[in-house]
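Reading through the structure tokens given below for one structure.
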Amino acid sequence: MQSRKIITIIIAAMLTLTAAAQDKRVKVACIGNSITEGYALADPSKDSYPAVLQQMLGKGYQVENFGLSGHTLLMKGNLPYMAAQRYKDALAFNPDIVTIKLGTNDSKPENWAHGDEFKRDLTAMAKSFMELPSRPRVYLCLPVPAETGKFSINDSVITNGVIPCIREVAAELRLPVIDLNTAMRPFFPEAYADGVHPNELGAHVIAACIYCALTGRDSDN
């Protein structure tokens, strides 16, 4: 009986240590649209850029994909991200690191009609994460290039409207910028499934760029 008690105590201690180790993982929340969610990929759970980023970062990190297809940063957009449950889930995750990659769907004509509110809404989103108890490091990602006309996306608006707004908010809030637009441009269009959504190669390029920004190291994957 005594030996059974000892074994039980050892197992309980091991489980406690395992749980503690998991709690110490750096939590990364990837906020975004269908490009983040992994639209057009055969297996988003394995091939989306958040999933690839998890593989690159390793066991010391917990990367969660909070991408939501079709959604906008703009609150007056046709599908505002901040009105969705996924946004609430991301806040509840209480992350240590947040990457915000929104703006592609905002370039649609019906959404960019409210483009003068983009900075205000991005500021509100960024601050909502910055003010969490975990006090995460928030990174603003520049949207990747896209083929104008596909899904009503407008690359000119992304380049000349959305990206300057993101840079201005980053400067005002003193947040780092991850330039996914420049990183992906040499791979356009071969790293895309349909002119807007990255394929597996594109997801790896995005993940590697974010990995470098988070760690200061180039990925070996």
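The values are calculated or read from the model by the stated rules, or taken from the named source; none is laboratory data. What you see is a predicted model, and the numbers here were worked out from it, not measured in a lab. Neighbour counts run over all protein chains shown; Cβ positions are idealised from the backbone, glycine included. Remember, those area values only see protein heavy atoms, side chains included, never the ligands or the DNA or RNA. Shrake-Rupley method; radii C 1.70, N 1.55, O 1.52, S 1.80 Å.
Descriptive notes on the structure:
- Apportionment of accessible area to carbon and sulfur, the chain, percent (1.4 Å): 55
- Computed [θ] at 222 nm, deg cm²/dmol, the chain (DSSP H ≥ 4; -39,500 (n - 2.57); rounded to nearest 500): -12500 deg cm²/dmol
- For segment 148-186, applying the loop criterion from DSSP together with a ceiling of 12 other beta carbons within 10 Å to the trypsin sites (Lys or Arg not before Pro) yields R174.
- Within the shell of other residues whose beta carbon sits under 11 angstrom from the beta carbon of G38, the net charge comes to -3, with Lys and Arg scored +1 and Asp and Glu -1.
- Probe 1.4 Å, protein heavy atoms only - accessible area per residue of segment 109-202 in square angstrom: 46
- √(5λ) per eigenvalue of the Cα gyration tensor, segment 151-221, largest first, Å: 21, 20, 7
- Candidate residues D89, D218: accessible-area rank, largest first, probe 1.4 Å: D218, D89
- Shown are C165, C212, whose ranking by accessible area with a 1.4 Å probe and every protein chain present, most to least, is C212, C165.
- Distance between modelled label sites at D179 and L91, nm, 7 Å Cα→Cβ extension: 3.3
- With all pairs of separate Cα atoms included, segment 67-221 yields a Kirkwood hydrodynamic radius of 15.8 Å.
- Contour excess over end-to-end distance, with Cα ends at S45 and S134 and 0.36 nm allotted per residue: 29.5 nm
- Taking every protein chain into account, the 1.4 Å probe leaves R185 with about 100 Å² of accessible area, to the nearest ten.
- With at most 12 other Cβ atoms within 10 Å, longest stretch of the chain clear of loop GluC sites (Glu not before Pro) (DSSP): 1-130
- Taking a point 7 Å from the Cα of L201 along the Cα-to-Cβ direction, the residues of segment 168-187 with backbone N closer than 13 Å to it are 184-187.
- On the beta carbon distance between K24 and R217, with R0 = 25 Å, the FRET formula returns roughly 0.75.
- Placing L140, L57 in order of accessible area, with the largest value first and a 1.4 Å probe, yields L57, L140.
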